[in-house]
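These notes concern the structure reproduced below.
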Amino acid sequence: MSINEKLSKIQAELKAKKSKFNSFGKYNYRSAEDILESIKPFLIEHNVTVTINEYVEELGGMIIMNSIAKIYDGKDSIESVAVVAVDMDQKGMNAPQKFGSASSYAKKYALGNLLLIDDTADADATNTHGKNAKPKLEGIALTKAKEFIKNGGSKEAIKAKYDIPADIESTL
């Protein structure tokens, strides 16, 4: 079986879970580690290895992190490259954290491109960091909403403030 056929099978079967949660933006996302963990069962099955190599370069006064994800079957290989600028002006991080952040991001996208992991519905592609989203009505907020309605408040006021799942709306 050719490297193209092996990679095609892996791309079709691979499912990489989003195990991380961004509490600021309120979304789940996958990391490079999630992708690497999900590919491990396919390595022995298809007799391939996956490697990631990185190098840093300066380009036009910017520091660039290059991440190369490669699948290799002992004879042939296919690779994908992701390029990410290292933001040296980012506040709240020291230099190793800035490089680590760029490295993680580049690895994730190099692997995602190689393995055809579609991030169009991923938070990195659609996240508004809570600017347009209503908070979910759950937990303490749900209890307070029920109390508000019990004391004469309107359901419309609650609906305007919260994203109410259909299974909860009937309980208000």
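The values are calculated or read from the model by the stated rules, or taken from the named source; none is laboratory data. Quick caveat, the model's predicted, so the values are computed rather than measured. In this analysis, Cβ positions are derived from the backbone assuming ideal geometry, glycine residues included, and neighbour counts consider all displayed protein chains.
A compact table of results
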item: Only listed residue being in contact with a strand residue (DSSP E or B) (Cβ under 8 Å, 6 or more places away or on another chain) and at pLDDT below 70, chosen from Asp124, Asp119; result: Asp124
item: Extreme residue, modelled with the highest pLDDT, among residues of region 3-34 that are touching a Lys or Arg at 6+ places or on another chain (Cβ under 7 Å) and hydrophobic (A, V, I, L, M, F, W, C); result: Ala32
item: The one condition in (1) charged (D, E, K, R); (2) without any contact (Cβ under 8 Å) to a residue 24 or more places away in the chain; (3) touching an Asp or Glu at 6+ places or on another chain (Cβ under 6 Å) that Lys70 fails to fulfil; result: (2)
item: Filtered residues of region 82-96 (kept if over 27 Å from Thr51 (Cα atoms) and among the acidic types (Asp, Glu)); result: Asp89
item: Top-ranked residue in region 1-34 [being without any contact (Cβ under 8 Å) to a residue 40 or more places away in the chain and among the polar types (S, T, N, Q); ranked as nearest to Lys75 (Cα to Cα)]; result: Ser8
item: Region 8-34, residues that are loosely packed, with under 13 Cβ neighbours inside 10 Å, among the aromatic types (Phe, Trp, Tyr) and under 16 Å from Lys108 (Cβ atoms); result: Phe21
item: Residue match in region 39-56 (condition: in contact with a Ser or Thr (Cβ under 8 Å, 6 or more places away or on another chain), at pLDDT 95 or above, under 13 Å from Ser103 (Cβ atoms) and among the charged types (D, E, K, R)); result: yes
item: Strands (runs of 3 or more DSSP E) enclosed by region 38-104 - at least 1 residues per element that are in contact with a Lys or Arg (Cβ under 6 Å, 6 or more places away or on another chain) and not polar (S, T, N, Q); result: 49-59, 77-85
item: Ala145 vs. criteria modelled with pLDDT of 60 or more and assigned by TED's automatic domain parsing to the domain that holds Leu7; result: no
item: Qualifying residue in region 3-15 (condition: in contact with an Asp or Glu (Cβ under 6 Å, 6 or more places away or on another chain) and more than 14 Å from Leu114 (Cα to Cα)); result: no
